[in-house]
Structures are given as structure tokens and as C-alpha cells.
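Written below as C-alpha cells is the structure these notes are about.
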Amino acid sequence: MDMTQPPLFVTADTLDPFVFDRAIIGLSGGKDSIACLLHLFEIGYPKERIECWHHDVDGREAPAFMDWPCTRDYCRKLCEALDIPLYFSWRQGGFEREMLRENQLTAPVLFETPDGIGQAGGVRGEPNTRRKFPQQAASLSTRYCSSSLKIDVCSTAIANQPRFEKKRTLLVTGERAEESRARAGYAIAEHHKTSNGKREVWQWRPVHGWTEQQVWDIMEKYRINPHPAYHLGWGRASCMTCIFGSPSQWASVYQIAPQRVIKIHAYEQDFDCTLRRDGDIMKAVNRGTPYDMDPHYVQLALSEEYTDPILVEDWKLPKGAFGESCGPT
């Protein structure tokens, strides 16, 4: 096979997942990425060819800074329950180190593999400085958290594993058109940037045209207990302190984990640059109204160990369904 060209039966408009040797699910822990995994079950894609990857935005070298403490273990327990391998990857030092970078190179990427932990990057390029939060924008260079801590981490992990060479790999991600105008313009399928003469990789967004109702329907069908963030009232399970969070979400975080907000506010003062465009984070907190949050889910969300069942018989739509889905524009 000429690895520089896509196979004839794959185009950007129609894609047959069964021609690929492996499917990688980008598993955030949110409902849309889980729906992608369940959709592969639905269409009968061979389970032994599926693996999930979770990009740990806070890294492993320091306590959680932006993400929900429970997310890592929620993803782990989900994959255990569904009998799917899960591999973690992260940029060394995570979000906080990248944000604080001053006349330094971007840190290397670490990634789990079937044979151990690999490492790549962090040795080339020109040193530069960030020292400010990612900004609320569709542009990935401005909203660098997505690009530096997820997208580039994933690409690095693919490009530096020989097991993907001379193979066809399908990267499955859960962006939906309903989420934003920018995401509505995404291709359902496209050649991935890691494709070259060594490997062939396509990115596929199988739930791109789905409604939120369809996502919850498939979660209910497979009895998947949603991430605790949804039970608390969040409409999306992105980072706990996502830069796109609404005032009510920031007020809710301040109620259950005030130290997170206080730390962010201190960095805003240090950088002389706010996280939000409409003022410092405390102004957002003061404008919001905290959600009515169940103490059980508060404790669960703030724990590094996820202890609730993944598969539940008495499945119920979580409080945050069809609620505030604040995210990239």
C-alpha cells in the first residue's frame, strides 16, 4: 500500500471505519466522547481493535489545577467496565507549567503505551514565554490549552509509537455541530496531520451531526452513569475551571472549591491579565448563582477516586443535561 495516499474507499465525505486496523477514541470523560465509543459498539466495530486515550491536562507532576479531580479515575473505571484498554498522555507539568513558561521550551510529552511510558518533544524550537491564561477564542493559538495540552499531545503520542507504522489508524473524537458555530464547520472525516509515508491516520467525528438528545439516548441505552459534573449541574464535562465557564459555574466552583478560584485570581493579578475578557474571575463569581449541588456528587467530583458504579440499572438524566454548555465558540 502507498502510505502517502488514502485508500480509494476513504474520502472526507464518506468513511468506512472497518478498513482501519485500530480505532483510538479521544476520551475526555464527557458525554460526547463516550457516545463515540458506544457508537462503535453499535455498528459492530471489533472491540479488540478499540483503545481509549485520555489527555491529562494537569499532567502528573503536581496536584490538579484546572480539571475535575475525579476525571482521570472516572475514565479508568469506565474503560474497565467496558473492557477497553485506556492509555493516558500528558505534557510534563501540565496546564500550570505551560501557563507559567518563561523563556523556556514547551515541555516534553509523556504517553502510556502497551510496553510502558514513552517521551518525545521538548528539545527543539525557540524558548518563549506565556505567563497568561489561555484566552476565550476559537483560535487554538489563543486558546492554547486545547492545542498544547490535548491536540498536540495526541499527535505526538501517535507519531512516536512504531506500532502505528504501516497501519491504518482512525482517531475518533466527539465534536458536535450543535455545540458551536466553529464546530459546525468541522469536517466529519479528514486526513490527520500525523499521516505520512510511515503511517496513515484519519480523524473521524461520528457524532458531529447528533443532537444532545441522541447523545443522552445512547448513554441511557448502555446504562452509563455520566461524569459527576453533569450530576452537579454542568452541561459539559470539560475542565472544572474551564476558561469558558459561565458566571454560575464559577460561583459553583467557588462554593465547593474556593481555593481553586483564589489561586486563579492570584495568577490574574500576577500576570496583569485576566482569564475572562469581561473582568477578573471574582467578578464572574459575584455575578453568578451557584447550582443546587448534591453533597454526594460534590464529594465524588472532588475526589481522585471515582467510587460510584459506572453501569447503573436505574438510569436517570443528570441535572446538567440540556443546561449551560459553555465551551469554545
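Show me 230-242, 298-310 ranked by packing, highest mean number of other Cβ atoms within 10 Å first.
Numbers: 230-242: 24.2, 298-310: 15.7.
So the order, starting with the most tightly packed, is 230-242, 298-310.
Could you sort 18-26, 121-129 so that the peptide with the highest average Cβ count within 10 Å comes first and the rest follow in order? Walk me through the intermediate numbers first.
On the way: 18-26: 18.6, 121-129: 10.6.
Listed from highest to lowest mean packing, they are 18-26, 121-129.
When the accessible area of the chain is computed with all protein chains present and a 1.4 Å probe, what percentage of it is carbon and sulfur?
Using a 1.4 Å probe with all protein chains present, the chain comes out at 48 percent carbon and sulfur.
Where the convex hull is taken over the Cα atoms of the range 240-287, what is its projected area averaged over directions, in nm²?
Values: hull surface 11.3 nm².
Over all viewing directions, the range 240-287 projects a mean Cα-hull area of 2.8 nm².
Kirkwood Rh over Cα pairs of the range 218-322 into Stokes-Einstein at 20 °C, 1.002 mPa s: D in µm²/s? Please report the intermediate quantities before stating the final value.
Numbers: Rh = 14.8 Å.
My calculation gives 145 µm²/s for D.
How big is the C-alpha Rg of the range 52-132 next to the rule-of-thumb value 2.2 N^0.38 Å, as a ratio? Display every interim value, and only then the final one.
Details: Rg = 14.2 Å, N = 81, 2.2 N^0.38 = 11.7 Å.
Cα-based Rg divided by the globular estimate yields 1.22.
What per residue convex hull volume, in Å³, do the alpha-carbon atoms of the range 267-329 yield? Write out the running numbers ahead of the final one.
Values: hull volume 10.5 nm³, N = 63.
Each residue corresponds to 166 Å³ of Cα convex hull volume.
Find the accessible area per residue for the chain; the probe is 1.4 Å, ligands and nucleic acids are left out, and the unit is Å². Kindly include the intermediate steps, with their values, before the conclusion.
On the way: 14430 Å² over 329 residues.
Here the per-residue accessible area is 44 Å².
Can you give the relative contact order of the range 232-329 as a percent, counting alpha carbon pairs under 8 Å and 6+ residues apart?
Numbers: 107 pairs, mean separation 48.0, N = 98.
Over the range 232-329, the number comes to 49 percent.
Dipole of the chain (Lys/Arg Cβ +1, Asp/Glu Cβ -1, origin at the Cα centre): which of 323, 108, 252 lies farthest to the positive side?
108
Loop-only trypsin sites (Lys or Arg not before Pro) in the range 24-120, please: DSSP not H, G, I, E or B, and at most 15 other Cβ atoms within 10 Å. Write down the numbers at each step before the final one.
On the way: sites: 31, 47, 49, 60, 72, 76, 77, 91, 97, 101; in loops: 60, 101.
Filter output for the range 24-120: 60.
Averaging over every viewing direction, what projected area does the convex hull of the Cα atoms of the range 16-84 cover, in nm²? Don't skip to the end; give the middle numbers.
On the way: hull surface 20.5 nm².
For the range 16-84, the mean projected area of the Cα convex hull comes to 5.1 nm².
Just in the range 61-113: which GluC sites (Glu not before Pro) are loop by DSSP and have at most 16 other Cβ atoms within 10 Å? Let's see the in-between values first.
Numbers: sites: 61, 80, 96, 98, 102, 112; in loops: 61, 102.
Hits after loop and neighbour filter: 61, 102.
Can you compute the charge dipole magnitude of the chain about its Cα centre, using +1 on each Lys and Arg Cβ and -1 on each Asp and Glu Cβ, nothing else charged? Give it in debye, rounded to the nearest 20. Mind showing how you got there, number by number?
Details: 39 positive and 44 negative charges, 147 e Å.
Roughly 700 debye for the chain.
I need the Kirkwood Rh of the chain: take the reciprocal of the average 1/r across all distinct C-alpha pairs and report it in angstrom.
Numbers: mean 1/r = 0.0488 Å⁻¹.
About 20.5 Å, per the Kirkwood formula over Cα pairs.
In Å and from the alpha-carbon atoms only, list the Rg and Dmax of the range 115-205.
Both quantities, over Cα of the range 115-205: 15.3, 41 Å.
Run through every distinct alpha carbon pair of the range 53-195 and return the Kirkwood hydrodynamic radius in angstroms, one decimal place.
Details: mean 1/r = 0.0604 Å⁻¹.
Kirkwood hydrodynamic radius for the range 53-195: 16.6 Å.
Per the Cauchy relation, a quarter of the hull surface: what is the mean projected area of the convex hull of the alpha carbons in the range 165-238, in nm²? Write down the numbers at each step before the final one.
Values: hull surface 25.3 nm².
Answer in nm², one decimal: 6.3.
The values are calculated or read from the model by the stated rules, or taken from the named source; none is laboratory data. Note that this is a predicted model, so its numbers are computed, not measured. FYI the Cβ positions are ideal-geometry reconstructions off the backbone, even for glycines, and counts take in every protein chain you see. When the accessible area is computed, the model is the full protein with side chains, heavy atoms only, and any ligands, DNA or RNA have been set aside. Shrake-Rupley method; radii C 1.70, N 1.55, O 1.52, S 1.80 Å.
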